[in-house]
Amino acid sequence: MAQGPVYLGTGRRKSSVARVRLMRGTGNILINGNDASKYFPHERALQHAVAPLEATKMASKYDVVARCNGGGFIGQAGALRLGIARALLKADNSLEPRLREEGLLTRDPREKERKKYGRRGARAGFQFSKR
């Protein structure tokens with residue numbers, strides 16, 4: 001399986017968490033025991049997730065084994081993206097300028113806003129009737 005060191009990275013997005021193990025290999029990506037192309041229902045989600053590997057041209061040099069849980073597939077793709085970027089940084093520190101330039105090391109802070117009392121949703125109130 002793993003030849004040489006294993007690099008770990010954790011990524012979070014919305015309510016999703018991805019724990020990533022990066023090791024030398026041929027470019028295989030396994031997510032929760034499934035091939036990445038089967039795991040993500042949309043090609044765009046997969047492209048979003050592997051952006052760090054594509055940006056640094058390391059897609060064919062590393063294998064990725066990840067455990068994703070929580071949230072939906074878009075949130076999991078974002079979490080996986082950050083986890084892969086962090087693991088790549090541990091593998092080769094010289095990749096940091098490229099990863100930073102692409103914005104791949106920044107966690108997306110957007111979360112769902114909570115529902116407030118007296119309202120229908122986070123911001124939407126009930127319809128006001130004057131009469």
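Please treat every number below as a calculation from the coordinates, not as lab data. Note that this is a predicted model, so its numbers are computed, not measured. Virtual Cβ from ideal backbone geometry, glycine too; neighbours counted across all protein chains shown.
Yes or no: region 29-36 includes at least one residue that is touching a strand residue (DSSP E or B) at 6+ places or on another chain (Cβ under 8 Å), of a type in the set (V, I, T), surrounded by 20 or more Cβ atoms within 10 Å (Cβ to Cβ) and not in a strand (DSSP E or B).
Within region 29-36, not a single residue is touching a strand residue (DSSP E or B) at 6+ places or on another chain (Cβ under 8 Å), of a type in the set (V, I, T), surrounded by 20 or more Cβ atoms within 10 Å (Cβ to Cβ) and not in a strand (DSSP E or B).
Taking only pairs six or more apart or across chains, which ones have beta-carbon atoms under 6 Å, a first residue in region 42-67 that is closer than 14 Å to L99 by Cα and in contact (Cβ under 8 Å) with a residue 12 or more places away in the chain, and a second residue that is surrounded by fewer than 18 Cβ atoms within 10 Å (Cβ to Cβ) and hydrophobic (A, V, I, L, M, F, W, C)?
Short answer, once both residue conditions are applied: L53/A59.
Would you confirm whether any residue within region 76-92 is charged (D, E, K, R), free of Cβ contacts under 8 Å to residues at least 60 places away in the same chain, under 21 Å from S16 (Cα atoms) and not in a strand (DSSP E or B)?
There is no residue in region 76-92 that is charged (D, E, K, R), free of Cβ contacts under 8 Å to residues at least 60 places away in the same chain, under 21 Å from S16 (Cα atoms) and not in a strand (DSSP E or B).
Out of the residues in region 76-99 that are farther than 16 Å from G9 by Cα and not polar (S, T, N, Q), which is surrounded by the most Cβ atoms within 10 Å (Cβ to Cβ)?
Among those that are farther than 16 Å from G9 by Cα and not polar (S, T, N, Q), it is R98.
Would you point out which residue out of R114, R107 is farther than 15 Å from A18 by Cβ and assigned to a loop (DSSP other than H, G, I, E, B)?
Result of the check over R114, R107: R114.
Would it be correct to say that V6 is over 10 Å from the mean Cα position of the chain (by Cα), surrounded by 20 or more Cβ atoms within 10 Å (Cβ to Cβ) and among the hydrophobic types (A, V, I, L, M, F, W, C)?
Against the criterion (over 10 Å from the mean Cα position of the chain (by Cα), surrounded by 20 or more Cβ atoms within 10 Å (Cβ to Cβ) and among the hydrophobic types (A, V, I, L, M, F, W, C)), V6 does not qualify.
If I ask for residues that are of a type in the set (K, R) and either surrounded by 11 or more Cβ atoms within 10 Å (Cβ to Cβ) or under 14 Å from A51 (Cα atoms) (or both), which ones from region 100-131 would you list?
Of everything in region 100-131, those that are of a type in the set (K, R) and either surrounded by 11 or more Cβ atoms within 10 Å (Cβ to Cβ) or under 14 Å from A51 (Cα atoms) (or both) turn out to be R100, R107, K115, K116, R119, R120.
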